[in-house]
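Have a look at this one.
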Amino acid sequence: MKRFRPVLFAGISFLHAACAVASLQQSETVPIGNSPVFSASDSATGRVFVSNAGMGRAGYGYSVGVLERDGTHTNLSTPGFPSGIAVSASLRKAVVAQTGCDCALIIDADTLATRTVASGTNPLRVLVVESTGFAYVLNTGSLGGIAGTGTITAIDLRAGTSSTHPVPTMGVGDFAANAAGTRLYVSGTTQGGFAEWKLGWVQVFDVASKAVVGSPTAIGREARHIVVSDTAHEVYVVGHVDFTRADLPAEDTLRRKSIRPALFAIDAASLAVKRAIDLPDTTSLDLNGPMITGEAALDASANAVHVLDSFNRRFSVVNPATGAVREIQLESVGTAIAVNPVAQTVLVSLPLRGEAAIHSLAGDRLDTVPIAHAPESGTLGGPASISVDAMGNAYATNIQDGSVSILRHEATARAEIVNLTDLWSSAAEPGWGVFVQQQGATLFAALFAHDASGSPAWLAMPNGARQADGSFTGALYRTQGPIAHAVDSAAVVGTMRFDAANSNSATLSYVADGASFSKAVTRLTFSASPRTCAWTLDSRKSTLDTSRNFTSLWWSPAEPGWGLAVSQQGDTTFGVLFGYDASNRASWTVMANGARKSLGEFSGSLYRAPAGSVQEIGDMSLAFSSSDEGVLSYRMDGVDHVKPIVRQEFASPSSRCSS
């Protein structure tokens with residue numbers, strides 16, 4: 001095969017449909033400094049301020065990176081180790097906590113002039129209350145937040161002065177403000193005894209008197225993250241409750257005492273605990289430990305709390321009013337979670353993969369977006385934190401890359417699943433097609449066309465990588481038989497790019513043997529029956545029922561080098577079998593109208609389509625025993641073949657469809 005050229009597939013016509021939906025999420029990654037950790041945006045100018053911790057590939061040096069709208073940046077030196085950061089758009093100030101100098105850096109948001117003010121010991125977090133004109137810095141005191149050392153620094157952004165006030169007898173961990181800016185809610189722990197989990201608490205800091213008011217409220221153990229809901233007049237704290245491990249003998253009294261994660265719903269006025277909602281327990285007490293590590297974010301529109309459980313690779317969507325908890329699995333460790341109220345999405349960073357997982361507010365997986373280079377072996381790298389601005393743009397800091405990734409929100413975008421898995425073709429040029437299997441940020445594409453002689457032939461892009469603009473690109477391969485040696489014969493003949501404008505239309509571009517092609521393609525639609533595809537990390541094989549849909553690539557792991565592409569719509573399947581002819585040349589055949597015979601069983605005539613003609617050469621049947629395995633049987637040119645097949649899995653999350 002010297003060259004591929006699409007030709008008319010005479011005798012078989014297809015219907016096509018398209019609808020305007022959200023395109024794949026796009027991102028842009030730009031350098032910003034050494035080890036960027038936290039970020040905050042200025043809604044007035046669009047500038048983004050990033051605290052660079054200094055320990056990155058480019059060397060050392062603490063700084064604050066200032067990212068402009070055009071992608072350029074300026075680095076401002078800092079007197080200490082920069083951590084938490086916040087911006088006052090109305091007062092034109094950015095405030096950066098500075099560990100080491102026990103101070104806060106004040107940056108003029110317009111001129112970028114800097115000055116410092118004193119803070120407490122080990123400043124960690126910063127928040128701005130626009131209505132009061134103050135910024136507040138949470139200081140942990142002794143490293144690790146030992147009891148009795150926590151303080152809050154109040155910075156008057158108009159006068160440029162600061163004052164620091166104690167949070168007595170408590171080791172502080174996190175704080176949040178109510179919308180009116182009259183109260184700060186502080187969570188933390190007391191110092192526990194030997195081998196004991198620290199007692200958790202929540203306290204109120206009154207901004208008028210600049211002092212804690214009332215007594216702290218006990219909230220289980222190891223209080224972590226805190227968010228405030230003004231609509232529900234509640235405060236939510238991620239912490240832990242005591243329980244006794246049943247997997248250990250009764251005489252092992254000390255080790256049987258343990259804790260499990262919980263979300264505490266607290267009355268904002270009285271600090272009375274209203275509910276303690278159990279969160280999913282750790283998946284391995286020995287491996288990951290029982291304490292939850294991660295972050296929490298509030299979806300104010302639904303008053304739902306999203307709790308990231310980093311090392312257990314999941315997050316939970318919690319309804320504090322009902323106590324309902326939905327557990328969402330992740331394919332890797334997550335380090336940050338953020339709610340984007342404009343785009344109506346939840347973003348979770350996956351640092352070991354250099355990606356962000358995009359979910360709906362309800363928790364359904366929508367997309368997987370690359371936002372950093374893969375980290376070096378043995379390093380965490382990747383995304384560290386995610387912030388969202390008033391326009392719905394998100395900013396993910398990437399420690400190892402020394403960069404920040406921008407996930408821009410388009411005004412027309414909607415929070416919908418865009419899963420490209422299906423058979424695609426051109427209405428203007430029927431007779432060829434491409435089947436794409438999307439799993440996470442990877443795309444497998446099999447191109448069915450014809451060689452220079454007009455014989456059916458196919459090429460494959462087995463590892464199309466997701467690009468920042470949402471397209472997939474990769475090397476294009478040709479193989480030849482026999483099947484037992486097809487993988488070993490794979491040779492690169494060019495490249496391929498699949499660029500989806502939305503979930504139903506795309507541009508396929510490829511170079512094969514030196515010739516370039518670019519085609520507008522749409523999903524192959526041959527039935528009005530609806531089909532829904534979703535992302536999943538569940539590898540369990542599901543039993544059959546009438547809702548199962550088998551749209552996917554199928555193969556036999558014992559015989560790599562061939563496959564079956566199936567698009568199912570309603571009771572009909574369209575299958576493309578790609579393998580090798582009697583001369584061991586890559587060839588493909590089609591079951592264009594596989595009808596459902598019974599639950600999980602389809603059959604139809606098998607066709608070969610040389611240039612300008614269609615030849616019936618036998619029949620094909622599919623018998624699925626579960627959602628992920630079955631048997632392919634076909635008669636081709638008088639010869640019977642029977643092969644066990646399974647879904648092709650090559651990345652996570654994978655996709656599953658239902659009818």
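Using +1 at the C-beta of Lys and Arg and -1 at the C-beta of Asp and Glu, which of A302, S215, Q344 has the Cα lying farthest in the positive direction of the dipole of the chain?
Q344
Next question. Quick one: Kirkwood hydrodynamic radius for the range 108-254, alpha-carbon pairs, angstrom, one decimal?
Working: mean 1/r = 0.0605 Å⁻¹.
Hydrodynamic radius (Kirkwood, Cα only) of the range 108-254 equals 16.5 Å.
In straight Cα distance, which lysines are under 22 Å from K519, not counting same-chain residues fewer than 8 positions off?
Cα-Cα hits under 22 Å: K2.
How much accessible surface area, in Å² rounded to 10, belongs to the heavy atoms of M591 with a 1.4 Å probe?
Approximately 0 Å² for this residue.
Now for a separate question. Before I look further, what does the chain give for accessible area per residue, probe 1.4 Å, in whole square angstrom?
39
Moving on. Sort 573-581, 492-500 by the packing proxy (mean of other Cβ within 10 Å over each peptide's residues), most packed first.
The most tightly packed comes first, giving 573-581, 492-500.
So, one more: Note the direction-averaged projected area, equal to a quarter of the hull surface, for the Cα convex hull of the range 229-332, in nm².
Over every viewing direction, the Cα hull of the range 229-332 projects on average to 7.4 nm².
Sort 95-105, 525-535 by packing, meaning the average of other beta carbons within 10 Å per residue, with the highest value first.
Ranked from most to least packed, the peptides come out as 95-105, 525-535.
For E327, E222, give me the order by solvent-accessible area with a 1.4 Å probe, most accessible first, ignoring ligands, DNA and RNA.
I get E327, E222, largest accessible area first.
List, in the order given, every pair from K93/K198; K210/K274; K597/K643; K93/K210 whose Cα-Cα distance in the structure shown is over 29 Å.
K93/K198
Turning to a different aspect of this structure: Could you work out how far the C-alpha centroid of the range 392-408 sits from that of the range 59-124, in angstrom?
17
Rounded to the nearest Å, what's the spacing between the alpha carbon centres of the range 454-478 and the range 288-335? Just the number, please.
36
Also: Any idea what % of Cα-Cα pairs in the range 71-137 are farther than 19 Å?
Across the range 71-137, Cα pairs with separations above 19 Å total 28 percent.
Provide, in order from the shortest bin, the percent of all Cα-Cα pairs of the range 294-336 in each 10 Å bin, continuing until the bin that contains the maximum pair distance.
Percent of Cα pairs in each bin: 32, 51, 17.
Roughly how many percent of the accessible protein surface of the range 514-659 is carbon and sulfur, given a 1.4 Å probe and a whole-percent answer?
49
While we're looking at this one, here's another question. Between T121 and T161, how high is the FRET efficiency from 1/(1 + (r/R0)^6) when r is the Cβ-Cβ distance and R₀ = 30 Å? Nearest 0.05.
Efficiency, from the Cβ-Cβ distance: 0.95.
Hey, if we sort Y62, Y510 by accessible area with the 1.4 Å probe, largest down, what's the order?
Greatest to least solvent exposure: Y62, Y510.
Moving on. Across 10 Å bins from 0, what is the distribution of all Cα-Cα pair distances for the chain, in whole percents?
Spelled out per bin, shortest first, that is 3, 14, 22, 21, 15, 12, 8, 3, 0, 0.
Still on this structure: What are the semi-axes of the equivalent ellipsoid of the range 304-379, taken as the square roots of 5 times the eigenvalues of the Cα gyration tensor, listed largest first and rounded to whole Å?
Whole-Å semi-axes of the equivalent ellipsoid: 23, 14, 9.
The values are calculated or read from the model by the stated rules, or taken from the named source; none is laboratory data. Treat the numbers as computed from the prediction; the structure is a model and nothing was measured. FYI the Cβ positions are ideal-geometry reconstructions off the backbone, even for glycines, and counts take in every protein chain you see. Only protein heavy atoms, including side chains, enter the accessible area calculation; ligands, DNA and RNA are left aside. Shrake-Rupley method; radii C 1.70, N 1.55, O 1.52, S 1.80 Å.
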